[in-house]
Amino acid sequence: MKIGIEGQRLFRIKKHGMDMVALELIRNLQEIDKENEYFIFVKPDADSACLKKTENFHIIELGGGPYPTWEQISLPRAAKKYGCDVLHCTSNTAPIKTNIPLVVTLHDIIYLESISLLKKGGTWYQKMGNMYRRFVVPKVVKKASRIITVSHFEKNRIRDFFGFAPNDNRLVAIYNGVGEHFKPIQDPVELQRIKTRYSLPDNYAFFLGNTDPKKNTKGVLKAFSDYLKTDNPPLELVMLDYEKNALEALLAEIGDKNLIKHIHLTGYVVNTDLPAIYSLSKLFLYPSLRESFGIPMLEAMKCGTPVITSDTSSMPEVSGNAALIIDPYKPDEITNAMIRLMQDEKLRNELIKKGFMQASHFSWKIMAQEVLNLYREIS
C-alpha cells in the first residue's frame with residue numbers, strides 16, 4: 001500500500017502542537033511499519049533535518065504558494081503522481097477535490113463553534129485561518145473515509161455538530177502521546193544551561209499562553225496578580241513565545257501594568273529544552289477555556305511538575321485524577337489552586353506521583369499503531 005501523509009509545516013523552525021503530533025506520528029510509523037510505502041509531503045523550509053527518509057519513507061518537498069493553494073492544488077496533484085492509495089491530512093483540513101481515499105485528523109472544531117472576523121481576541125492570521133477551515137472542513141468531513149480526533153470529548157462534539165449517525169464508524173478517537181524525552185531533569189549542568197539560556201528565575205510557575213482566547217491568558221494574569229498580593233511563597237511567571245506588546249495590553253485590561261516585572265518571556269523554546277523548563281518550575285498552569293486534548297499537561301506530569309487545569313472540555317478526560325481541577329472562568333479558583341500547591345507539600349507529592357502514572361498511559365507508538373490499523377481498513 002502507498003500511503004501519503006501531509007506534513008506541510010514540519011520543516012518550519014517554530015513548530016507547534018499539530019506539527020509535533022504529525023512529526024511523532026511519522027517517526028513512530030517509521031519504527032513499526034517496514035511493509036507499506038510512504039510519501040511525506042512537506043513544504044521546503046529551514047528544519048529539513050527533523051525528519052529522515054528511510055527505505056520505505058520518501059520525503060517529497062512541494063512548493064506551491066500559501067497554505068490554501070498548497071493544500072488544494074499541489075498536494076492532491078502530488079498524491080496522484082506518486083500513486084497514493086490513501087492520503088492522510090494531519091492538521092484539520094484537506095483537499096476538497098481528490099479521488100484518493102482521505103484520512104483526516106480533525107484535532108478540534110473550535111473554529112466552527114464560534115468564530116468571527118470581528119470577534120475580540122486572537123490575531124488576524126488566526127482569524128483568517130479559521131475562516132478557511134470554516135469553508136473547507138464541512139466539505140472534507142462529508143467525503144473522508146476516516147476522521148481521527150484526539151479525545152472522546154472532541155469525538156462527541158464532532159458527532160453532534162455534523163450529525164453523525166451513532167453507528168457511523170468513520171469517526172474515531174485516537175489519543176495523542178507524549179515524548180519519551182519528557183522526564184525529570186536532575187543534571188545540574190543541564191538545568192543551569194537552560195536557566196541561563198532563557199533567563200529563568202529561581203521560583204516560577206510555568207504557563208504556555210498565547211494570543212488565542214481559548215488559552216485564557218487574561219484569566220491567568222489576573223490569578224497571578226492576585227497571588228502576588230497574598231502572603232505566600234514568592235513566584236514569578238514564565239511564559240513562552242508571547243510578544244511583549246500583547247502582554248502589556250492584557251495587563252492594562254486587568255489593571256496591573258506593574259505585573260510585567262514578575263513575568264519572564266522566553267521567546268520560542270525548542271521542544272528538547274522543555275523538559276528542563278518543566279522540571280525547574282514549581283507548578284504548571286493549563287487553565288484553558290477549551291481544548292481537544294492537552295499534550296502539555298502530560299509533558300508536565302512526566303517531568304514531575306504538578307498541574308492546574310480546567311473542568312471544561314477534554315482536560316478532565318486527559319488529566320484524570322492527577323491534576324488540580326478548577327473553573328477557568330473564575331480566576332480566584334486558579335489563585336487558590338496555586339496557593340494550595342505552594343503550601344501543601346503532601347498534595348504536591350500526591351499529584352506528582354499520580355501524574356507519572358497518568359502520563360504513562362499515553363504513547364506515540366500506540367497512537368501510530370492505531371492510525372496504521374485505520375490505513376489498513378480502508379486500503
Give the residue, chosen from Leu112, Leu117, Leu75, that is part of a helix (DSSP H, G or I), aliphatic (A, V, I, L, M) and modelled with pLDDT under 95.
-> Leu112
Does Lys195 satisfy being surrounded by fewer than 17 Cβ atoms within 10 Å (Cβ to Cβ) and under 15 Å from Ala276 (Cα atoms)?
-> yes
Take segment 8-36 and flag every residue that is surrounded by fewer than 19 Cβ atoms within 10 Å (Cβ to Cβ) and more than 23 Å from Ile366 (Cβ to Cβ).
-> Arg12, Ile13, Lys14
Picking from Glu350, Glu291, which residue would you name as being assigned by TED's automatic domain parsing to the domain that holds Leu221, surrounded by 15 or more Cβ atoms within 10 Å (Cβ to Cβ) and at negative phi?
-> Glu291
Hey, any hits in segment 94-107 for a residue that's under 19 Å from the mean Cα position of the chain (by Cα), modelled with pLDDT of 90 or more and in a strand (DSSP E or B)?
-> yes
What number of residues within segment 1-54 satisfy the criterion of being closer than 28 Å to Asn99 by Cβ, of a type in the set (Asp, Glu) and over 21 Å from the mean Cα position of the chain (by Cα)?
-> 3
If we keep just the residues of segment 181-228 that are hydroxyl-bearing (Ser, Thr, Tyr) and over 16 Å from Leu259 (Cβ atoms), which is modelled with the lowest pLDDT?
-> Thr211
Please find, within segment 300-340, the residue that is farthest from Gly219 (Cα to Cα) out of those that are in a loop (DSSP other than H, G, I, E, B) and of a type in the set (Val, Ile, Thr).
-> Thr305
Output for segment 68-79, where each listed residue is buried (at least 16 other Cβ atoms within 10 Å of the Cβ) and either out of contact with any Lys or Arg (no Cβ under 8 Å at 6 or more places or on another chain) or hydroxyl-bearing (Ser, Thr, Tyr) (or both) | Glu71, Ser74, Leu75, Ala78, Ala79
Given the conditions (1) surrounded by fewer than 21 Cβ atoms within 10 Å (Cβ to Cβ); (2) within 23 Å of Val150 (Cα to Cα), every one holds for Ile5 apart from (1)
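The values are calculated or read from the model by the stated rules, or taken from the named source; none is laboratory data. If you're wondering where the values come from, they're calculated on a predicted model, not measured in any experiment. Cβ sites come from the backbone with ideal geometry, for glycine too, and all protein chains shown count toward neighbours.
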